[in-house]
1. Any chance you could check the Cα centroid distance between the range 147-218 and the range 27-55 for me, in angstrom?
2. How would you classify the chain from its alpha-carbon gyration tensor, with a ≥ b ≥ c the square roots of the eigenvalues: rounded for a/c under 1.5, else prolate if a/b is greater than b/c, otherwise oblate?
3. For the range 1-58, which whole percent of the accessible surface, found with a 1.4 angstrom probe, sits on carbon and sulfur atoms?
4. Would you tally the net charge around Q191, using a Cβ to Cβ cut-off of less than 14 Å, leaving Q191 out, and scoring K and R as +1, D and E as -1?
5. Restricting to Cα pairs below 8 Å that are 6+ residues apart, what does the relative contact order work out to for the chain? Please round to a whole percent.
6. Calculate how many DSSP beta bridges within the chain are antiparallel, expressed in % of all such bridges and rounded to the nearest 5.
7. How much net charge surrounds A88 when only other residues with a Cβ under 15 Å from its Cβ are counted (Lys, Arg +1; Asp, Glu -1)?
8. Note the direction-averaged projected area, equal to a quarter of the hull surface, for the Cα convex hull of the range 103-218, in nm².
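The values are calculated or read from the model by the stated rules, or taken from the named source; none is laboratory data. Predicted, not measured: the structure shown is a model, and the values here were computed from it. Virtual Cβ from ideal backbone geometry, glycine too; neighbours counted across all protein chains shown. Accessible surface is based on the protein model in full, side chains and every heavy atom, while ligands, DNA and RNA are left aside. Shrake-Rupley method; radii C 1.70, N 1.55, O 1.52, S 1.80 Å.
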Amino acid sequence: MITLYHCDGARSFRPLWMLEEQGLPYELKMLPFPPRVFAKEYMAINPLGTIPFMVDGETKMTESSGICHYLGTRHGPTPLVVGVDEPAYGAFLNWMYFSDATLTFPQTLVLRYSQLEPEERRNPQVSGDYAKWFLGRLRAVEAATANSEFLCAGRFTAADIANGYALRLAGNIGLDKDFGPNVRAYWERLQQRDGYQRAVAAEQKAGVEQGVKARVRP
């Protein structure tokens with residue numbers, strides 16, 4: 001049984017969504033955010049104290065986009081992964097890495113310096129600068145979805161899950177108001193997927209059952 005450690009709204013939503021799209025059995029363990037502060041016992045499981053943490057037999061992983069790739073290949077085959085023999089293989093990998101390194105990273109600084117730090121340590125210039133960084137990089141998604149429903153290979157893939165989470169995070173921290181028309185339409189399409197809606201429902205249900213409150217959203 002696959003076990004996924006998850007915080008409400010965190011990047012662990014990527015593998016949760018992937019699990020639901022693939023229809024794989026899993027156990028979802030909810031933690032308060034950030035767990036290294038509010039669930040110190042978690043450090044014995046994942047010394048990094050980060051989310052996600054996935055366990056699949058002897059395999060243990062901490063990187064959300066990597067977990068999606070792993071699930072698609074180890075528990076495939078699935079059209080969610082673009083194969084090495086497909087023309088879009090390079091584009092698929094590029095989007096998978098782009099999702100965290102380019103889109104999620106600046107948002108974590110916006111979140112930290114506008115909401116998570118104590119009032120005296122918050123920094124409007126840092127959060128503003130990195131919000132602009134995120135929106136500037138988002139132009140790549142705006143261009144890619146101008147004439148295509150999805151990012152690559154002419155179909156929905158794990159790359160859409162990985163980057164879709166970045167759009168979900170943008171909504172949670174108030175950056176979605178600046179989405180371009182193509183990105184806005186793309187994000188609306190992703191949210192209509194049954195797999196996405198099942199993942200949201202699983203997140204909410206597990207939080208209630210395990211007594212872990214959802215994070216306050218702006």
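1. Their Cα centres are 22 Å away from one another.
2. Since a/c reaches 1.5 but b/c is at least a/b, the shape of the chain is classed as oblate.
3. Taking all protein chains in place, the range 1-58 shows 58 percent carbon and sulfur surface.
4. Values: positive: R168, R184, R189, R193, R198; negative: E20, E21, E149, D160, D176, E188, D194, E203.
Summing Lys/Arg as +1 and Asp/Glu as -1 gives -3.
5. Working: 290 pairs, mean separation 53.4, N = 218.
Worked out over the chain, it gives 25 percent.
6. Numbers: 7 of 12 bridges.
Bridges in the chain are about 60 percent antiparallel.
7. Values: positive: R155; negative: D85, E86, E149, D160.
The answer is -3.
8. Values: hull surface 31.8 nm².
Convex hull of Cα atoms, orientation-averaged projection: 8.0 nm².
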